[in-house]
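Contents: one structure, followed by commentary.
The values are calculated or read from the model by the stated rules, or taken from the named source; none is laboratory data. In this text the structure is predicted, and so the values were computed from the model without any measurement. Please note: Cβ atoms are built from the backbone with ideal geometry, for glycine as well, and neighbour counts cover all protein chains shown. Areas reflect the complete protein model, heavy atoms only, side chains present, ligands, DNA and RNA absent. Shrake-Rupley method; radii C 1.70, N 1.55, O 1.52, S 1.80 Å.
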Amino acid sequence: MSEVSLIDRLLDVIEHDIVPKTEEGVAHGNKLFGAAILRKEDRSVVIAETNNETENPLWHGEVHCLKRFYELPKADQPDTKDCLFLATHEPCSLCLSAITWTGFDNFFYLFSHEDSRDSFAIPHDLKILKEVFTLEPGGYRAENAYWKSFSIRKLVRDLPEAERARLEARIAGISKIYDGLSAEYQDGKADNDIPLN
């Protein structure tokens, strides 16, 4: 599968598998972060989930997805080395660790830490990296002995013009959906009891 078709598939999963769950989650007071696990061989979705911090502040989109993955019957759990991990937003330090501890050798994300802070008014990822770990933005190794990470937007920027323009338009459409979810979350977050809302 070519890089372009992989990017299209990842955007499909965000739009059709993660966004519907996130819409429901945000309606219940949760943040707008989501994730999915796909099989490498055919890019089929194993599981998609969203943030569930109103149940437990540790259930970030990625961690909640991993929790639900391990609740599947063993026969339905492919080896994590045979999977792609997709996050709507660049994983925070908690989620980076969870992805590492569960043995994934990759992850892809659409929105950066800076997007979370600037576009979605959720600055905690960058603040924690700086305050707890004394790391600057992007202060983790994007490729290391455990995994390699991929910014979908950076992958798109490296494509030929025709494909780049088409995919940037798709991403703009997805961004509008997330802008609406962000506004809904921000409007209602005073009513939830998430510690870092």
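Here are some notes:
- Within a Gaussian network of the chain (alpha carbon springs, distance under 10 Å), most fluctuating of 115, 105, 158: 158
- A Förster radius of 25 Å combined with the Cβ-Cβ distance from residue 42 to residue 81 puts the calculated FRET efficiency at roughly 0.95.
- Pairwise FRET efficiency - residue 166 versus residue 71, Cβ, R0 = 35 Å, nearest 0.05: 0.40
- Applying the criteria of a DSSP loop state and at most 13 other Cβ atoms within 10 Å to the GluC sites (Glu not before Pro) of region 1-93 yields 41, 55.
- Highest-MSF residue in the chain out of 144, 51, 106 [GNM, Cα springs under 10 Å]: 144
- For residue 46, the solvent-accessible surface computed with a 1.4 Å probe is close to 30 Å², ligands and nucleic acids excluded.
- In terms of its Cα atoms, the chain spans 44, 41, 35 Å along the principal axes, sorted from long to short.
- Cα-based equivalent ellipsoid of region 39-117: semi-axis lengths in Å, sorted from largest, via gyration tensor: 20, 15, 11
- Expected-Rg normalisation [2.2 N^0.38 Å, Cα atoms] applied to region 24-79: 1.18
- Computed helical MRE - 222 nm, the chain, DSSP H runs ≥ 4 contributing -39500 (n - 2.57), nearest 500: -13500 deg cm²/dmol
- Once the chain from residue 186 to residue 148 is taken as fully extended at 0.36 nm per residue, the excess over their C-alpha distance is 10.5 nm.
- Calculated P(r) of region 118-197 - Cα pairs past 21 Å, %: 53 percent
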